[in-house]
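I have placed the structure first, in the form of C-alpha cells, so that the comments after it can refer back to it.
The values are calculated or read from the model by the stated rules, or taken from the named source; none is laboratory data. The model shown is predicted, which means the values in this text are computed figures rather than measured ones. Cβ placement follows ideal geometry from the backbone for every residue including glycine, while neighbour counts extend to all protein chains displayed. Protein only, heavy atoms only, side chains kept; ligands, DNA and RNA dropped before computing areas. Shrake-Rupley method; radii C 1.70, N 1.55, O 1.52, S 1.80 Å.
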Amino acid sequence: MKLLHVDASAKREWSNSRALSRHFIDLLRQQVPALDVDYLDVAADANPPAHVSEAFTVATYTPAAQRTPAMKQTLEASDALCKRVLEADAFVFAMPMYNFSMPSVFKAFIDNIVRTDLTYKVGADGSYQGQLAPEKVLFLTTRGADLRPGSPMAGMDALTPALRAAFAFLGVPSPTFVDAQPLTFSAVQEREAALVRAKAELAALAQRWAA
Ligand SMILES: Cc1cc2nc3c(=O)[nH]c(=O)nc-3n(C[C@H](O)[C@H](O)[C@H](O)COP(=O)(O)O)c2cc1C
C-alpha cells in the first residue's frame, strides 16, 4: 500500500490532528509492515503549496502541447504534487477546522492538484472523469466545537461538503471521515470522550484497510 499522508495544522507538537494522523499511521503499520508512506506537511514553513496566481490560471488551462517554457515552469510544483497524488493508492488527509472550513494551506493544496488531463479528464461527451480511484481515503478533521449531526452548530460545517465535492470530482466517491469534536470549546470530559471516539473509529478503519 502506497499511502500519501498529508498534515495541515498550523500547530506542531500540540496539534490534535497531527497526533491522531500519526496514531492512525502507527496502527496501520502494525498490520501492514510494508506500508509505504509519502509524507507531506502542507503547513511547513518551507515550500507550502502556492496560492493560485494569474500565471497559474493561464498555464493550467493551456493545452500541454502549447505551453511555453515559462508556463511549464509555473506548473512545475503543481505537476510534482499531482504526481505524488497519482502514485498513491491510499490517502490520509489530516486537518483542523478553521472558521468552519479547511485551513487555507489545504485549499491551496487542492488548487494545485485539481488539474485537467492529469488528475481529471474531460470525456468526448463533456463528462468529467476523476483520475484518482483509491478505495482508501481518510479525512481526519479536528474541531474545537461540536458540529455533529443534530447539534445546534451542525449546519455550520462547511468543511465536510467542501472536501467531499473536491475529491468526488477527482474520482473519490466515498471517503471516510473521522471528525474529532468537540476538542476545545467544551468541558474536559467531552474533549476526552471526543478523542476516545476518534481513536476507536481509527482503530476500526485501520483493521478494515489492512484486511
Ligand atoms: C484560526 C482558527 C480557527 C478555528 N475555527 C474553528 C471553527 O470554525 N470551528 C471549530 O469547531 N473549531 C475551530 N477552531 C478550533 C480548532 O479546529 C481545534 O482547536 C482543533 O482541534 C485544532 O486542531 P489541531 O490541534 O490539529 O491544530 C479554530 C482554531 C483556529 C486556530
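Among A46, A65, A59, which is away from the ligand (no atom under 16 Å from the Cβ), over 30 Å from A206 (Cβ atoms) and surrounded by 14 or more Cβ atoms within 10 Å (Cβ to Cβ)?
A59
Could you look through the stretch 137-153, keep only residues that are within 8 Å of the ligand (Cβ to nearest atom) and in a loop (DSSP other than H, G, I, E, B), and pick out the one that is nearest to L20 (Cα to Cα)?
R143
Could you please give the count of residues in the stretch 2-13 that are over 21 Å from K107 (Cα atoms) and modelled with pLDDT of 95 or more? Spell out how you get there, then give the answer.
Our first condition is that a residue be over 21 Å from K107 (Cα atoms); within the stretch 2-13, this holds for 2, 13.
Applying the additional criterion that residues be modelled with pLDDT of 95 or more yields 2.
Number satisfying all stated conditions: 1.
Out of the stretch 68-78, which residues are surrounded by fewer than 16 Cβ atoms within 10 Å (Cβ to Cβ) and under 28 Å from S21 (Cβ atoms)?
Taking the stretch 68-78 and keeping what is surrounded by fewer than 16 Cβ atoms within 10 Å (Cβ to Cβ), we get 68-70, 72-73, 76-77.
Scanning the stretch 68-78 gives E76, A77.
Which members of the stretch 180-195 meet the condition of being within 15 Å of the ligand (Cβ to nearest atom) and in a helix (DSSP H, G or I)?
Residues satisfying the conditions are V188, E190, R191, E192, A193, A194, L195.
Pairs please, first residue from the stretch 154-179 and assigned to a helix (DSSP H, G or I), second anywhere and surrounded by fewer than 16 Cβ atoms within 10 Å (Cβ to Cβ) and at pLDDT 95 or above, Cβ atoms under 7 Å, 6+ apart in sequence or on different chains.
Taking only residues 6 or more apart or on different chains, the pairs are A154/R148; M156/F100; L159/F100; T160/F177; F169/Y128.
Answer yes or no: is there a residue in the stretch 81-99 that is over 16 Å from the mean Cα position of the chain (by Cα) and surrounded by 12 or more Cβ atoms within 10 Å (Cβ to Cβ). Walk me through it before giving the result.
The initial filter retains those residues of the stretch 81-99 that are over 16 Å from the mean Cα position of the chain (by Cα), namely 99.
The next check asks that each one be surrounded by 12 or more Cβ atoms within 10 Å (Cβ to Cβ); those that pass are none.
No, the stretch 81-99 has no match at all.
Testing H51 on (1) open to solvent by 80 Å² or more (accessible area, probe 1.4 Å); (2) in contact (Cβ under 8 Å) with a residue 60 or more places away in the chain; (3) over 21 Å from the mean Cα position of the chain (by Cα), one condition comes back false. Which one is that?
Of the numbered conditions (1) open to solvent by 80 Å² or more (accessible area, probe 1.4 Å); (2) in contact (Cβ under 8 Å) with a residue 60 or more places away in the chain; (3) over 21 Å from the mean Cα position of the chain (by Cα), the odd one out for H51 is (3).
For the subset of the stretch 131-153 comprising residues that are touching a residue at least 24 places away in the same chain (Cβ under 8 Å) and of a type in the set (A, V, I, L, M, F, W, C), which member is surrounded by the fewest Cβ atoms within 10 Å (Cβ to Cβ)?
A133
Determine which single condition H5 fails, assuming it passes every other condition in (1) over 17 Å from L132 (Cβ atoms); (2) touching a helix residue (DSSP H, G or I) at 6+ places or on another chain (Cβ under 7 Å).
Failing condition for H5: (1).
Those residues that are open to solvent by 40 Å² or more (accessible area, probe 1.4 Å), more than 16 Å from the ligand (Cβ to nearest atom) and modelled with pLDDT of 95 or more, I need them from the stretch 159-173; list them, please. Working first, answer last.
Going through the stretch 159-173, the residues open to solvent by 40 Å² or more (accessible area, probe 1.4 Å) turn out to be 161, 164-165, 168-169, 173.
Those still in the list that are more than 16 Å from the ligand (Cβ to nearest atom) too: 164-165, 168-169, 173.
Listed by number, the residues that qualify are R164, A165, A168, F169.
Restricting to the stretch 89-136, what's the tally of residues that are in a loop (DSSP other than H, G, I, E, B) and more than 12 Å from the ligand (Cβ to nearest atom)? Talk me through it step by step, then tell me what you get.
First, pick out the residues of the stretch 89-136 that are in a loop (DSSP other than H, G, I, E, B): 89, 97, 99-100, 102-103, 114-115, 117-119, 123-127, 131-135.
So of that shortlist, the ones also more than 12 Å from the ligand (Cβ to nearest atom) come out as 89, 114-115, 117-119, 123-127, 131-135.
Final tally of qualifying residues: 16.
Just the residues that are under 16 Å from the mean Cα position of the chain (by Cα) and open to solvent by 20 Å² or more (accessible area, probe 1.4 Å), please, taken from the stretch 101-130.
Of everything in the stretch 101-130, those that are under 16 Å from the mean Cα position of the chain (by Cα) and open to solvent by 20 Å² or more (accessible area, probe 1.4 Å) turn out to be S101, M102, S104, V105, K107, D111, V114, G130.
Return the residue satisfying two criteria in turn: it lies in the stretch 1-43 and is without any contact (Cβ under 8 Å) to a residue 12 or more places away in the chain and surrounded by 15 or more Cβ atoms within 10 Å (Cβ to Cβ), and of such residues it is farthest from the ligand (Cβ to nearest atom).
R29
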